[in-house]
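A quick write-up on the structure given underneath.
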Amino acid sequence: MLRRPPNPMHAMRELFRSPALRIALLALALGLAFLGTRGIWDPDEGRYTNVALNMLHSGDWLNPRRNDEVGHWTKPPLTYWLIAGSVGVFGSNAWAARLPAAASYLLCVWLAWRIGRRLAPGSEREAALMYATMLLPVAASQLITTDYVLAACETLAMWAF
């Protein structure tokens, strides 16, 4: 008896019916859609971007600096490294500078799914969808700040625990 090969259109329809894919696409749209639509706001976004650009241009990734004379040791350097790396890859623009915050948001959505699955199996869709559509996380994913990278690291630690 000959088996018929799987129908690729059927597989695509099934994929697009998947709640996981729908939530992922929603989170991607919310997290990435508006990253480059406005300029960098001072003082905070400008300060964090300035420190990251100084790291990138000077090659000194260990000493965060506002300029050649003034260090900036008030925050952990991971956010600056991520911003500098993003700008180094995608160019010097607001979209690239905000990408680490948006990626942190997407990581938190995925971790909400995983934590929901672990703590209350069957509730992972609701957990991820609720987190993905909350106003504060979506708004924060559009800002250059050290807070969202920290939140993603803390969420990762809670999932790992």
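Numbers at a glance
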{"read-out": "The chain, Rg to Rh (Cα coordinates; Rh as Kirkwood inverse mean 1/r)", "value": "1.11"}
{"read-out": "Per-q log10 I(q)/I(0), the stretch 87-161, q = 0.14, 0.16, 0.25 Å⁻¹ (Debye; single scatterer per alpha-carbon; no solvent)", "value": "-0.46, -0.58, -1.08"}
{"read-out": "Other-chain or far-sequence residues with amide H under 5 Å of Arg65's (modelled H)", "value": "Met55, His72"}
{"read-out": "In degrees, nearest ten, helix 44-58 long axis to first principal axis of the chain (Cα)", "value": "80"}
{"read-out": "Relative contact order of the chain, pairs being alpha-carbon contacts under 8 Å that are 6 or more residues apart, as %", "value": "25"}
{"read-out": "Surface share of carbon and sulfur [accessible, 1.4 angstrom probe, percent] for the stretch 44-161", "value": "66"}
{"read-out": "Projected-area mean, the stretch 35-118, by convex hull of Cα positions, square nanometres", "value": "6.6"}
{"read-out": "Dimensionless Rg ratio for the stretch 10-62, taking C-alpha atoms and the 2.2 N^0.38 Å reference", "value": "1.89"}
{"read-out": "Ordering of 90-96, 75-81, 119-125 by burial proxy (mean other Cβ atoms within 10 Å per residue, highest first)", "value": "75-81, 90-96, 119-125"}
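The values are calculated or read from the model by the stated rules, or taken from the named source; none is laboratory data. As the structure is a computational prediction, the values presented were derived from the model and not from experiment. Glycine gets a Cβ as well: all are built from the backbone with ideal geometry, and neighbour counts include every protein chain shown. Heads up: the accessible areas ignore ligands, DNA and RNA and are worked out on the full protein's heavy atoms, side chains in. Shrake-Rupley method; radii C 1.70, N 1.55, O 1.52, S 1.80 Å.
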